[in-house]
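Reading through the structure tokens given below for one structure.
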Amino acid sequence: MNNEHDDWFKGLEQDPFPARGFQPELKRRIMRELDKKPIKPKPHFRFGVMAGVCSLVICLLIILKVELFPAENPIANELATSASLPVAELMAKKDVQSVLLVGLRQDGTDEQDRYRSLMFANQDGRVRAVATGSGVLIPYGQVFWKLDQSEDPQTEGKTLHIEQMGTKTTKTVVDPKTEKSTEGVTADAQPEAVRSEKLLYAGNKYLSLEVQDQRSNSKLWNVDLKDYATGIQPTDSSLNLDEFTDGRYFADMWTVVRQNGNWAPAYQSSLDLQSSTGKTTRTPYGITLTIGNPPLSDSLVNHDTLDRPWGEILKIEPAATDSVTSPDHDLLAIFTDSAIKLYEYTAKPGDEPLLTVSRNKGEQLVLVQWALEKYASKWIQAGQLALNEE
């Protein structure tokens, strides 16, 4: 090879870049750039835009208020006023159209209990007690039954009897010895296995009673009204609490009691699937029961909702022990130890009751039933025929 080629090959054998690329000068330039602080965008423009948008919105609202709701516009005034009113005040007052039927039991010291019913309704523009009388009047479908205390001539004790209004009900009484029935004879003429019966609750088509035999053994008995009217015995059939609590409580020994403006289950020896209230109560014959939590099914209790807060009830009547409100929101009843007071549903503290009737000492509430306007006249007529005393 010639000398030219030799020089060329020698050049290829040498490093292509005799000097390093990351030279000190380049390093100094990079460090100078890193030491420079980043330039933040100035916020003045952004805040200015936001302020402008807010000002525009405020101007539009002012224009709309002036155009849509002038200062003297009644719609604007009404909306402003209603926003500060309680719920009860927002409901327009209306004439009372509901009918309230109340059943009471008074335990007698002479072994003779006393029952009475009161029916309240709007008559001639005023709320009145349109029907009052002894016994508990019980609506059952389209008919009425009346249950009252009656002496049984064949035993030393007392018992209840029931009859459908407009007919004389006969009870099929089963002789506990022969297990044979006697039909077509009134119950008052037949011996009863039960010495005494007390009605604890009546609602829809069911009765809850406490029964005591001649040996003073007591039990609770829950039964269909029509079954009771046939003369069925407490040992024959009794309803379980789980049927009316969606399986939350399972108990054979139970009844229904008033608790904070509602009907609540009270039971003994229950398989609790839901916690109780922690409170207890005693029946007239001394059975201790645990009070469970409402609600009970509609098949047992009907319209069991107190639609005014209990705190409002106490402001209207500080001595209140119980209260009920109509489904149609036109009537409020407040119970004290000595009276039953009827108010407009929208009553406020300081309002006078529409009607006040006396309550006998120790009377217990065993029935509360409401009829709305559609059935009001029929209920009033039935109540006056069955209850009004001469």
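The values are calculated or read from the model by the stated rules, or taken from the named source; none is laboratory data. Model, not experiment: these values are computed from the prediction. Using ideal geometry, Cβ is built from the backbone for each residue, glycine included, and neighbour counts are taken over all protein chains shown. Just so you know, the surface numbers come from the protein's heavy atoms only, side chains and all, with ligands and any DNA or RNA stripped out. Shrake-Rupley method; radii C 1.70, N 1.55, O 1.52, S 1.80 Å.
Multiply the residue gap between SER358 and LYS205 by 0.36 nm, knock off their C-alpha separation, and tell me the result in nm, one decimal place.
52.2 nm
Could you list the trypsin sites (Lys or Arg not before Pro) in the stretch 277-373 that lie in coil according to DSSP, counting only those with at most 10 other Cβ atoms within 10 Å of their Cβ?
On the way: sites: LYS279, ARG282, LYS315, LYS341, ARG359, LYS361; in loops: LYS279, ARG359, LYS361.
When the trypsin sites (Lys or Arg not before Pro) of the stretch 277-373 are filtered for loop state and at most 10 Cβ neighbours within 10 Å, LYS361 remain.
Any chance you could run the full-extension gain for ASN240 through ALA319? It's 0.36 nm times the residue separation minus the Cα-Cα distance, nm to one decimal. All intermediate terms of the calculation are to be shown ahead of the outcome.
Numbers: separation 79, 0.36 × 79 = 28.44 nm, distance 3.55 nm.
Full extension from ASN240 to ALA319 adds 24.9 nm.
Once both labels are modelled 7 Å past Cα along the beta-carbon direction, what's the ASN217-GLN97 spacing in nm?
5.3 nm
In the stretch 246-385, what percent of the accessible surface is made up of carbon and sulfur (1.4 Å probe, ligands and nucleic acids excluded)? Write out the running numbers ahead of the final one.
Values: 3230 of 6640 Å².
Carbon plus sulfur share of accessible area: 49 percent.
Taking all pairs of distinct Cα atoms, average 1/r, flip it, and tell me the Kirkwood hydrodynamic radius of the stretch 218-367 in Å to one decimal place.
Values: mean 1/r = 0.0587 Å⁻¹.
Taking the inverse mean of 1/r over all distinct Cα pairs, the stretch 218-367 comes out at 17.0 Å.
Kindly write out, for the stretch 97-109 in residue order, the coupling ³J(HN,Hα) from the Karplus curve 6.51 cos²θ - 1.76 cosθ + 1.60 (θ = phi - 60°), rounded to whole Hz, with x marking Gly and Pro.
Karplus-based 3J(HN,Hα) across the stretch 97-109 equals 10, 6, 10, 10, 10, 10, x, 10, 10, 10, 6, x, 6 Hz.
Give the residue from LEU365, SER297, GLN381 lying farthest towards the positive end of the charge dipole for the stretch 240-390; charges sit on Cβ (+1 for Lys and Arg, -1 for Asp and Glu) and the dipole is referred to the Cα centre.
Positive-end residue among those listed: LEU365.
Regarding the stretch 202-306, what's the average projected area of the Cα-atom convex hull, expressed in nm²? List each step's numbers first, then the result.
On the way: hull surface 26.6 nm².
Directional mean of the projected Cα hull area for the stretch 202-306 stands at 6.7 nm².
Note down the nm distance, to one decimal, between modelled labels 7 Å out along Cα→Cβ at SER297 and at TYR375.
Spacing of the two 7 Å Cα→Cβ label points: 1.9 nm.
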